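Undergrad: Attaching a single structure in C-alpha cells format; questions to follow.
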Amino acid sequence: MSRKFFSACLALCISVIAHSQDSSKPSGPTITGSVDAYYRYNFSNPTPVPGSVITNVNNFTSFTNSQKSYELGMASIKADHSFGKASATIDLGFGKRAEEFAYGDLSNSTLFAIKQAYVSYAVNDKLKLTMGKWATHIGYELVDAYLNRNYSMSYMFSYGPFAHTGVKADISLGGKSSLMVGVANPTDIVSTTTSRKFGIAQFATASSNSKFKAYLNYQGSYGGSFNLTHFDLVLTQAVTDKFSLGYNGTVQSVKPNIGEGDSWWGSALYVNVDPTSTFGLTLRGEYFDNKKAIVLAPSTSIFALTLSPNIKLGNLTIIPELRYESAKAAIYTKSKGGTSKNTSSAILAAVYHF
C-alpha cells in the first residue's frame, strides 16, 4: 500500500515539474505586418518642356514624391517577443517609403531595411530599459501608413526625426503620467563614427478617463559645430465616440558654432469624424514656416489642407485624398514650365495590415 502511495506521489511530482518546465518555455513571437500602395496626381501637371528636365512634382513632404504613377509605399513585417522581463522587436520595411525613412543609412545594404530593432528589460513595474533603434517619439504622425488617417505626410513629420538609435529609460510616474529619457546617435543615423550624441525625452500624461492625452517631446545636442534644440507638443482629445481632435506643434532651433542661430516651426490641427465603423474622415490643416532655410525644405511659409476619407473594409483601408497647398513664394511648378504659389493633388491609396 505504501509502495503504491509513494509511486502515485512520485508520478504526481513528475507531472507538476514537467508542467512547470513547459509553462516556463517562451511562446512564439507575435507577427504583424502591413503593405500600402498609392496613385498620385498633381493637378498642376508638371511636365518636362523642350530642352529641360523637370523633376519637381510639387511634393515637398515624405513618401509621395511621384506623379501619374502607381507606387508601392512600403511592405513591412514585424516580430515582437517577450520572455520574463526581457523583450525584443524586429521591424523590417521594404519599398520607397522604407528607403526614405532610412535615408541616413542607405549606403549600407542591410541597415536601411531595419525600421526598428531593439531589446528591452523591465527592471520592475516602474522602469524599463531599451537599447537599439526605434521610431521617434516626436510628432503626431507615424511612419507606418496604416497608423495614420491621412496618407500624405505633414511637413513637420517630413523634416523632423524619423528614428533614434541609442538607449532609453521609460519611467512610470504613477497614475497616467510617464517619463522617457535617453541618449542616441545623431538623428536618423544607425551607425556612426562621430562621438556627438543627442539627448531625447518625453513627458506623457492623460486625464483619468484617457480621453485627453498630452505629450511633451524633446531632442537636443550641444557643443561642437552646432547646437540643436527641438521641442514638440502633441495633444489629443476624444470629444465623443465619433469625433476627436489632435494637435501637433513643433519648433526646432539650430545655432552654428560661428554666427547667428535660427528656427523653423510648424503647427497642425487634425479633425477626425467617424460617423460609422466603416467610414471616417480626417481634415488636417498645417502651417509650416521655414523662411530661414533651416531644413532642406522650400525657404518659405506653407499652408497645407488635406482631406482624407477612410473607407474601412476589415483590415483594408481605402483613402481617396485631396490636398491643397499655398506658399508665400512661388515654389510649385506649373504645366509646361512657370511657377505658382499654390497647387492641388489627389491620392488614391490602399493600406492593409494584419
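Here, each number is a calculation from the coordinates, and none is a lab measurement. Keep in mind that this is a model prediction, so the values were computed, not measured. Because the Cβ atoms are built from the backbone with ideal geometry, glycine has one as well, and the counts that use them run over all protein chains shown.
Undergrad: When only C-alpha pairs under 8 Å and at least 6 residues apart count, what is the relative contact order of the chain, in percent?
TA: Averaging sequence separation for qualifying contacts and normalising by length gives 14 percent for the chain.
Undergrad: Lys and Arg at +1, Asp and Glu at -1: add these up for the other residues within a Cβ distance under 13 Å of residue 29 and post the number.
TA: That sum, taken over residues with Cβ under 13 Å, equals -1.
Undergrad: Only one of the values (1) 38; (2) 43; (3) 50 was calculated from this structure for percent of Cα pairs over 31 Å apart; name its label.
TA: (2)
Undergrad: Name the residue from 89, 79, 124 whose Cα lies farthest towards the positive end of the charge dipole of the chain, charges +1 on Cβ of Lys and Arg and -1 on Cβ of Asp and Glu.
TA: So the residue furthest toward the plus end is 124.
Undergrad: Go through the stretch 169-180 residue by residue and turn each phi into a ³J(HN,Hα) via Karplus (6.51, -1.76, 1.60, θ = phi - 60°); whole Hz please, and just put x for glycine and proline.
TA: Working through the residues one at a time gives 10, 9, 10, 7, 9, x, x, 9, 9, 8, 9, 10 Hz.
Undergrad: State whether the stretch 221-280 is rounded, prolate or oblate according to the following rule on the C-alpha gyration tensor (a ≥ b ≥ c being the square roots of its eigenvalues): a/c under 1.5 gives rounded; otherwise a/b larger than b/c gives prolate, and the remaining case gives oblate.
TA: Cα axes put the stretch 221-280 in the prolate bin.
Undergrad: How would 157, 101, 303 line up from fewest to most surrounding beta-carbon atoms within 10 angstrom?
TA: Taking fewest neighbouring Cβ atoms as first place, the list is 303, 101, 157.
Undergrad: Moving to a separate point now. Just to be sure I understand the model, the point goes 7 Å from the Cα along the line to the Cβ. What's the resulting residue 72 to residue 251 distance in nm?
TA: 4.3 nm
Undergrad: Distance cut-off 26 Å, Cα to Cα: go down the list 213/242; 85/115; 292/341; 312/341 and report the pairs above it.
TA: 312/341
Undergrad: Shifting gears a bit: Treating only the Cβ atoms of Lys and Arg (+1) and Asp and Glu (-1) as charged, compute the dipole magnitude of the chain about its Cα centre; round to the nearest 20 debye.
TA: 320 debye
Undergrad: Using a basic spin-label model with each label point 7 Å from the Cα along Cα→Cβ, how many nm lie between residue 103 and residue 241?
TA: Those two pseudo-labels are separated by 4.3 nm.
Undergrad: Quick one: if you stick a label point 7 Å off each Cα along the C-beta vector at residue 39 and residue 339, how many nm between them?
TA: A separation of 3.2 nm, rounded to one decimal place.
Undergrad: Taking 10 °C and 1.306 mPa s as the conditions, I'd like the Stokes-Einstein D for the stretch 178-328 in µm²/s, using the Kirkwood hydrodynamic radius from alpha carbon pairs.
TA: 88 µm²/s
Undergrad: Calculated from DSSP H runs of 4 or more alone, at -39500 (n - 2.57) each and per residue, what is the 222 nm mean residue ellipticity of the chain, nearest 500? Kindly include the intermediate steps, with their values, before the conclusion.
TA: On the way: 3 runs with 33 residues, N = 354.
Roughly -3000 deg cm²/dmol at 222 nm, from the helical runs in the chain.
Undergrad: So, one more: Rounded to the nearest 0.05, what FRET efficiency do residue 27 and residue 226 give with R0 = 41 Å and r taken as the Cβ-Cβ distance? Could you check?
TA: 0.30
Undergrad: Applying the Karplus parametrisation 6.51 cos²θ - 1.76 cosθ + 1.60 with θ = phi - 60° to the phi angles of the stretch 347-354, what ³J(HN,Hα) value in whole Hz is obtained for each residue in order, glycine and proline being reported as x?
TA: 10, 10, 10, 10, 10, 10, 9, 9
Undergrad: In terms of modelled amide H atoms, which long-range or inter-chain residues lie less than 5 Å from the amide H of residue 176?
TA: 206
Undergrad: Turning to a different aspect of this structure: For the stretch 301-316, take each phi angle, set θ = phi - 60°, evaluate the Karplus expression 6.51 cos²θ - 1.76 cosθ + 1.60, and give the result in whole Hz per residue in order, putting x for glycine and proline.
TA: Values, residue by residue: 9, 9, 10, 10, 10, 10, 10, 10, x, 10, 9, 9, 10, x, 7, 9 Hz.
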